[in-house]
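As structure tokens, the structure follows; a few thoughts come after it.
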Amino acid sequence: MWKILLVEDEPFVRRSIRSSIPWEEHGFTIAGEASHGKEALALMKELHPDIILSDIIMPYMDGIELLQEVRKEGSEAIFIMLTCANEFEYARMALEYGASSYILKLSMNDDQLIQALNKAKAQLMHKQQRQKLLVQDSLREGLPVIWKSMFGKELSGDEERKRAEFRTAERQYGRLAIVSSLHGPRSFASASLQGLPAFTGGGQEAVCSYSDMGQTTFFIWGNSPSTAGFQRMMLDEVPVVCRTASREQTVEEEWLRNLGVLDSAYYGGEAAGNGDASKNMSQISRDIKKAAAVPWEIEQGVIRSFEAGALQECRRKLADIWLYVKEAHMPMVLVKETAERLDKIFSRISQKTPLRTDVIRQAVSHQEVLAALLTNMEQYAKGRSRIAYPETDHPEVNKIIGYVLRNYDQDISLQAMAAYVNMDENYLSGLFKKKTGDTFINYLQQIRVSEAKFYLEQTELPVAEIGERAGFTNPSYFFKIFKRWTGLTPSEFRAEHKNRERL
């Protein structure tokens, strides 16, 4: 019901208006009456009416002055003015000051009144919808900022503003349900959660979501009463946590508790440790700060191993880091940020274009994140221990050399390279030997053997797999070519390297 304040100095006119139409049937209720503007102004603070149906000419404070004072106090109540035929100039002034419409008292009938009220209702509904959209925009734009601040990131001035607007917007609601899921690369929309009480209880006045790091959290705001509750479950093999938030706690606190439960699933525990509901925000913040970073000496060991080309040692130290963060129960989000940071460092050291980290971000388990990081690390390490191959003074030959260094593990032929640089194959064969001092086949084989030597020294990978990684699809051919260039079989070369290390 839209609340109306009736302001009229003549009692019989008030009675006539009050009894003229069935107000409730049209969606209105007369919340109060006043005989002049000053009385109405006092009642407004108590009743907060949506519509003010007011006479213009009244003692103490007329309708025009009332409209002006109401606007000064920030109220956007809709004004419908009542006037006599000889007061038209006042009616025109009322419209200029923002009144919705005016009605001539002497000729007023039910249809005119209902028409004016329906116009006001349409304005109120439009305003309400616009306000709702503004509130939802503030909630939606604030969630990325809340996410960032939860994990101790510094906010810009604009982000601080968005956080303040988020706080103001969410205070309009008395109930909040938070539903979090760890779905990884799978799509996970609100349709997957429609059976949960948070979505079926009604009163969903604002629904927003935020997705990052393989998780999506839905926020369902409303004003209908709800008892506090907590659920954890598996939906289509996806861990889901549903919490009716305490409005005495911040959104950050309740969101972090949900993520804490998902962390248990990420580390291989139940989809459901219930999160520590007894922790307050300061305790949660201290826990995050405590586990926010891997000790530099541990991380530095990984970086130095990678710089030295010691892949086996680098793998072992990464495994140590992963054990450390698991024992510290570092939040999944921070573990993935650590993996992304190391990935960037590997990229910078190897002077290679950064690889995509989608698999890291979308992983749903601790070991998946490590496996994805190791895969990228090996791609960055590819060819790092190889001897330097100088460029020539011929741009097309240099283009071929660059291609071979990047793709030596693929099927490469002189014919394909001739097409690559748009040259005759026979001409390219002679040109390549003239500029590099070696045939194209010998050049390619040396690169592949150099890479195989690196893997034999730095990893425990099977010999056949090393041959495949180096570009030899046939194990027998790998053994033959490797021995031609080194004088040893791959197994003999690995054994000799290990013997040298023991000395």
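Computed from the coordinates by the stated procedures, all read-outs in this text should not be read as laboratory data. Everything numeric in this text was worked out from a predicted model, so none of it was measured. Note that we place each Cβ from the backbone using ideal geometry, even for glycine, and neighbour counts take in every protein chain shown.
Throw me the Rg/Rh for segment 205-257, computed over C-alpha atoms with Kirkwood Rh, two decimals. On the Cα set of segment 205-257, Rg over Rh gives 0.96.
Placing R0 at 30 angstrom, the Cβ-Cβ distance between GLN379 and ALA191 gives a FRET efficiency of 0.20 after rounding to 0.05. In angstrom, the C-alpha Rg and Dmax of segment 296-381 are 11.8, 33. Measuring nothing but how far apart in sequence close Cα pairs (under 8 Å, 6+ apart) lie, relative to its length, segment 395-502 scores a relative contact order of 23 percent. Recomputing mean projected area of the Cα convex hull in nm² from the coordinates shown identifies the correct label among (1) 37.0; (2) 24.5; (3) 41.3 as (1).
Computed from the Cβ-Cβ distance with R0 of 22 Å, the FRET efficiency linking TYR403 to ASP358 stands at 0.25.
What value, in deg cm²/dmol to 500, does the helix sum -39500 (n - 2.57) over DSSP H runs of n ≥ 4 give at 222 nm once divided by the residues of the chain?
Details: 21 runs with 275 residues, N = 503.
It lands at -17500 deg cm²/dmol.
Within the chain, antiparallel bridges make up roughly 60 percent of the DSSP beta bridges whose residues both belong there.
From least to most packed, judged by other beta carbons within 10 angstrom and beginning with the fewest, ASP110, ASP263 follow the order ASP110, ASP263. If the chain linking ILE349 and THR29 were pulled fully straight, counting 0.36 nm for each residue of separation and taking away their Cα-Cα distance, it would gain 107.9 nm. For segment 54-162, the fraction of C-alpha pairs farther apart than 18 angstrom is 63 percent. Each residue, SER75 and SER246, gets one label point 7 Å from its Cα in the Cβ direction; the gap between the two is 3.8 nm. log₁₀ I(q)/I(0) of segment 339-450 at q = 0.14 Å⁻¹, via Debye over equal Cα point scatterers, no solvent, to two decimals? After summing over all Cα pairs, the log10 values are -0.67.
Subtracting the Cα-Cα distance of ARG484 and ASP438 from 0.36 nm times their residue separation leaves 15.0 nm of extension gain. Kirkwood hydrodynamic radius, segment 395-502, all distinct C-alpha pairs: what's the number in Å? Value: 14.7 Å, from the Cα pair sum.
In the structure displayed, which of LYS3/LYS148; LYS317/LYS352; LYS399/LYS453; LYS105/LYS127; LYS435/LYS483; LYS105/LYS132 lie more than 30 Å apart, Cα to Cα?
Values: LYS3/LYS148 42 Å; LYS317/LYS352 22 Å; LYS399/LYS453 25 Å; LYS105/LYS127 28 Å; LYS435/LYS483 26 Å; LYS105/LYS132 36 Å.
Among LYS3/LYS148; LYS317/LYS352; LYS399/LYS453; LYS105/LYS127; LYS435/LYS483; LYS105/LYS132, the Cα-Cα distance tops 30 Å for LYS3/LYS148; LYS105/LYS132.
Using Cα-Cα distances under 8 Å and only pairs 6 or more residues apart, what relative contact order does the chain have, in percent? If you can, show how the numbers build up before the last one.
Details: 669 pairs, mean separation 37.8, N = 503.
Relative CO of the chain lands at 8 percent.
Extension gain, ILE21 to TYR97, is 24.6 nm, computed as 0.36 nm per intervening residue step minus the present C-alpha separation. With Cα atoms as the point set, segment 2-127 shows a radius of gyration and Dmax of 13.0, 34 Å. By the count of neighbouring beta-carbon atoms within 10 Å, fewest first, GLU340, GLU327, GLU391, GLU25 end up ordered GLU25, GLU327, GLU391, GLU340.
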